[in-house]
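A.B. asks: One structure follows; several queries about it will come next.
Where a number appears in this text, it was derived from the coordinates with a stated rule and is not lab data. Source: prediction; values computed, not measured. Cβ placement follows ideal geometry from the backbone for every residue including glycine, while neighbour counts extend to all protein chains displayed.
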Amino acid sequence: MGHSVVVLDWNVDDELDIAAGAPGEDRTILVGSPRKDVPPVIDAGMGFVFRPDETVRNYSPRPVENGILGYRARLVDLIGDQTPDVAFMSLPVGTYLWDGARPDSDPVFFRRPPGAASHWCTGAAAAQLYPGGKEELVLGGPRWSPPGKPKSWNSGRLLVLSMDADRVRR
Ligand SMILES: [Ca+2]
Ligand SMILES: [Ca+2]
């Protein structure tokens, strides 16, 4: 708990509230539960979206042992149709993206890039990086070390996910 925090007026009483999660749209909150078991799968992890009407939607694509799904969560319109999409990151596997316009459809999957450090998505931000372009998801992996350097080098890098191509920048 507490990988992300958001301050918002959840219950619309003109007083700000604090929630452990990432901001969604219209007072929704994205919460990852990366150590949640999905019996019989241990530590599969699960993502949740809490809505102001107190309904909860959970996201659990293919439970993988130690999948750690929900290590990070971010709302981002990667698909570029002006409807925010829901991204939950799995520590060993990659990023799952649910189409906000079709939440019951299968998620789009971005495999964790080769050579990624163990905690490859510690930072997560959504932004339209290029004017007129689609939103992209920027992930920070502070423990990444360049090829040829010892694993303890930890220079870190940023990974930019888009629907068009995975791009890696440092
Ligand atoms: Ca409030
Ligand atoms: Ca979208």
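A.B. asks: Take the residues of segment 12-24 that are buried (at least 17 other Cβ atoms within 10 Å of the Cβ) and in a loop (DSSP other than H, G, I, E, B): which is farthest from ligand 2 (Cβ to nearest atom)?
C.D. replies: Gly21
A.B. asks: How many residues, within segment 61-104, are assigned to a strand (DSSP E or B) and either away from ligand 2 (no atom under 16 Å from the Cβ) or among the hydrophobic types (A, V, I, L, M, F, W, C) (or both)?
C.D. replies: 15
A.B. asks: A further question follows. Could you check segment 25-60 and list, in sequence order, the residues that are within 16 Å of ligand 1 (Cβ to nearest atom) and part of a loop (DSSP other than H, G, I, E, B)?
C.D. replies: Matches in segment 25-60: Asp26, Arg27, Thr28, Arg51, Pro52, Asp53, Glu54.
A.B. asks: Same structure again: Please determine, by comparing only the residues of segment 103-122 that are of a type in the set (D, E, K, R) and farther than 20 Å from His3 by Cα, which one is surrounded by the fewest Cβ atoms within 10 Å (Cβ to Cβ).
C.D. replies: So, considering only residues that are of a type in the set (D, E, K, R) and farther than 20 Å from His3 by Cα, the one surrounded by the fewest Cβ atoms within 10 Å (Cβ to Cβ) is Asp104.
A.B. asks: Please find, within segment 1-11, the residue that is nearest to Ser33 (Cα to Cα) out of those that are among the aliphatic types (A, V, I, L, M) and surrounded by 10 or more Cβ atoms within 10 Å (Cβ to Cβ).
C.D. replies: Checking each candidate, the answer is Val5.
A.B. asks: Let me ask something else. Output the number of residues of segment 9-24 satisfying the condition of being within 14 Å of the chain's Cα centre (by Cα) and within 14 Å of ligand 1 (Cβ to nearest atom).
C.D. replies: Residues in segment 9-24 being within 14 Å of the chain's Cα centre (by Cα) and within 14 Å of ligand 1 (Cβ to nearest atom): 0 in total.
A.B. asks: Okay, moving on. Could you tell me how many of the residues in segment 25-75 are among the aliphatic types (A, V, I, L, M), farther than 13 Å from Val5 by Cα and surrounded by 15 or more Cβ atoms within 10 Å (Cβ to Cβ)?
C.D. replies: Residues flagged as among the aliphatic types (A, V, I, L, M), farther than 13 Å from Val5 by Cα and surrounded by 15 or more Cβ atoms within 10 Å (Cβ to Cβ) within segment 25-75 amount to 9.
A.B. asks: Residue under question is Tyr71, and the condition is that it be of a type outside the set (A, V, I, L, M, F, W, C) and in contact with a Ser or Thr (Cβ under 8 Å, 6 or more places away or on another chain); does it hold?
C.D. replies: Yes: the conditions hold for Tyr71.
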